[in-house]
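Structure, as structure tokens:
The values are calculated or read from the model by the stated rules, or taken from the named source; none is laboratory data. This structure is a prediction, so every number in the text was calculated from the model and none was measured. Quick reminder, even Gly has a Cβ in these numbers, built from the backbone with ideal geometry, and neighbours come from all protein chains shown.
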Amino acid sequence: MKKAIVFTLFLGIVIVLWRLDYNKRKRSFDVAVAELELSLSFEEVPMLLQQYYKRHGVYPDSLGQCDTLFTSGLNWATIEDYRETPYRFLVDPFSHKYFGYIPIKDSARGTNQSFFLLSSGIDGRLDNDKSDIERLDLYDSIKFNYLDCYFGRRDILVGSGH
């Protein structure tokens, strides 16, 4: 009888903790999605990349070449930390770092002729990198999935060139 009570109590605590974590992550996701949609409507990063392209005829190797603003390190924990700064529309609301940038090289010329701009998505880390642009793992929609908070392996495509 004692074992059943202890097990039920333990199970109840686990369920309550899981539900609290679920609610917290869902609220955080909803805020990040709203911030992402606002950032995309302003198109700050794609605009800076297009300006660089118009000046130089190629896209940069990194966002740092586009503007020295991108070379500053970001150590913000929440969206509220950078909302009132000039970085607001340059920062991925899921990772609290700059959007991911992958230049696409023209193999014949060896120059950057296009790009992919990525958001880390619900897991908060960029999973795609420059080494494998042939096969990008991207979410097909922005929707909440609790398991992706911990095991997500995809990013969100938020912009591309040409």
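Some notes on this structure:
- The residues listed here are 115, 89; of these, the one that is within 22 Å of residue 35 (Cα to Cα), at pLDDT 85 or above and not aliphatic (A, V, I, L, M) is 89.
- Subset of segment 125-146 (residues that are surrounded by 14 or more Cβ atoms within 10 Å (Cβ to Cβ) and hydroxyl-bearing (Ser, Thr, Tyr)): 139, 146
- Qualifying residue in segment 7-20 (condition: exposed (fewer than 14 other Cβ atoms within 10 Å of the Cβ), more than 29 Å from residue 148 (Cβ to Cβ) and of a type in the set (S, T, N, Q)): yes
- Counted residues, segment 132-150 - those being under 28 Å from residue 105 (Cβ atoms) and in a loop (DSSP other than H, G, I, E, B): 7
- Filtered residues of segment 130-162 (kept if hydrophobic (A, V, I, L, M, F, W, C) and either in contact with a Lys or Arg (Cβ under 7 Å, 6 or more places away or on another chain) or at pLDDT 90 or above (or both)): 138, 142, 144, 147, 149, 151, 156, 157, 158
- If you check 71, 8, 85 for being free of Cβ contacts under 8 Å to residues at least 12 places away in the same chain, β-branched (Val, Ile, Thr), on the phi < 0 side of the Ramachandran plot and in contact with a strand residue (DSSP E or B) (Cβ under 9 Å, 6 or more places away or on another chain), only one passes: 85.
- Test for residue 59: is it outside any helix (DSSP H, G or I), in contact (Cβ under 8 Å) with a residue 60 or more places away in the chain, under 19 Å from residue 161 (Cα atoms) and of a type in the set (Ser, Thr, Tyr): yes
- Evaluation of residue 68 against (1) of a type in the set (Val, Ile, Thr); (2) in contact with a Gly (Cβ under 8 Å, 6 or more places away or on another chain); (3) exposed (fewer than 12 other Cβ atoms within 10 Å of the Cβ) (one fails), failing number: (2)
- Hits in segment 8-63 - residues which are over 21 Å from the mean Cα position of the chain (by Cα) and of a type in the set (Lys, Arg): 19, 54, 55
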